[in-house]
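Enquirer: This is the structure I have questions about; it appears just below.
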Amino acid sequence: MIKKPLNIFYEEPDPDRWFKYDHYLRRMIRRIIRGKSKPGGVMLIALQLMKGLDKLGIPYRFNDFKYAKNHPNELIGVIGKPQLIFKKIFKNPILFGAGVYSHPIECANFFELYPNVQKILVPGPWMQEMFEPYYPDKVITWPVGIDTEKWRPEIKKTKKYDFLIYDKIRWKHEEFEVLLIQPIIKELQALNFTYTILKYGSYHPNQLLESVSVSSSVIFLCEHETQGQAYQQILSTNTPILAWDRGGFWEDPYYFPKKVKYEPVSSVPYWDKRCGLKFNDESNFKIKLTEFLMLKNKNLFNPRNYILENLSIEHCAKKYEMIYNQIASAL
């Protein structure tokens, strides 16, 4: 049976700023000054999805606005921020996401304003639970796939470090430097473990791969993740992780505590015992570190298999197709 192509749309947000159509001029100037732009996080969702569809031989159309206009009853998938929906250029039923805004209070009446949107995709399970009270029966979890060919065990080189500390603490960093990071470092030093630190937002794109390639294990520090592609890329290299997973509230300071109080969240929303171990705070780090090392020495971790089964590009592309076809068949 010939599969009907999926209709996929993605457009970078680039509004006019000073005068009408100035975004074209600003885009040209940016290209001259900075060179060819690199894809951002949301654009990578579209690129990874299409890469997975290509690998599976699943046909799709990309940004075929003419086709969508001429076939207004066909479902389309709109990835990324909602500007394409806000423009109301589509009469088609829409599968929206992933890459949506952070919380429904940004547009609590979204489905009333845009009734042709059928479902919203969010990247992780706790985010779905946070959205559902506002958009009942409209939210589905769908993560972007991990490139398991790039992030593979064969990238490993001669070990330089026992641990890579991946520091993605975004808020109150000075406080957590004292309460969490320094106690972890002191414990590693007391046990004569070598380590290196990689701070989120302060390294070039290939540095994470390079650091993982010479590290035996990773300590992952982040308040919470909606999906957490970086730690999943690490797992894909078959490198186990000791993860700080304190739970508690979603503490994005734009929303918390005045606008939104939601709990519990997780820093590793995709996880099972093959991936490594989790600790709550500095008080149980030493106990969990001892247990982590014992399990690792017994070769009881196998994080790559978890990624291959749950988060590979192919797995996630297949799940997107399944969600898309289920919605299309229900129209």
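Enquirer: Straight distance only, please: which lysines reach the Cα of Lys172 with their own Cα at less than 27 Å, same-chain residues fewer than 8 apart left out?
Expert: Hits, sequence-local ones excluded: Lys186, Lys199, Lys258, Lys259, Lys261, Lys278, Lys286, Lys288.
Enquirer: Let me ask something additional. For the chain, give the magnitude of the charge dipole about the Cα centre (Cβ charges: +1 Lys/Arg, -1 Asp/Glu; no others), in debye to the nearest 20.
Expert: On the way: 47 positive and 36 negative charges, 224 e Å.
Around 1080 debye, computed over the chain.
Enquirer: Jot down the radius of gyration and Dmax of the chain, Cα atoms only, both in angstrom.
Expert: Looking at the chain, its Cα Rg and Dmax stand at 21.5, 68 Å.
Enquirer: Could you state the orientation-averaged shadow area of the convex hull built on the Cα atoms of the range 85-148, in nm² to one decimal?
Expert: 5.0
Enquirer: A further question follows. Dividing the convex hull volume of the Cα atoms of the range 153-310 by its residue count, what figure in Å³ per residue is obtained?
Expert: Cα-based convex hull of the range 153-310, divided per residue, equals 117 Å³.
Enquirer: Which value does Rg/Rh take for the range 114-246 over its C-alpha atoms, Rh per Kirkwood?
Expert: When Rh is taken as the Kirkwood radius, the ratio is 1.06.
Enquirer: Sticking with this one: If you line up the Cα atoms of the range 270-331 on their principal axes, what length do they span on each, largest first, in Å?
Expert: Sorted from largest, the Cα extents of the range 270-331 read 54, 25, 13 Å.
We did not get these values from a lab; they are worked out from the coordinates using the rules stated. These numbers come from a predicted model, not from an experiment. Glycine also receives a Cβ, built like all others from the backbone with ideal geometry; neighbour counts cover every protein chain displayed.
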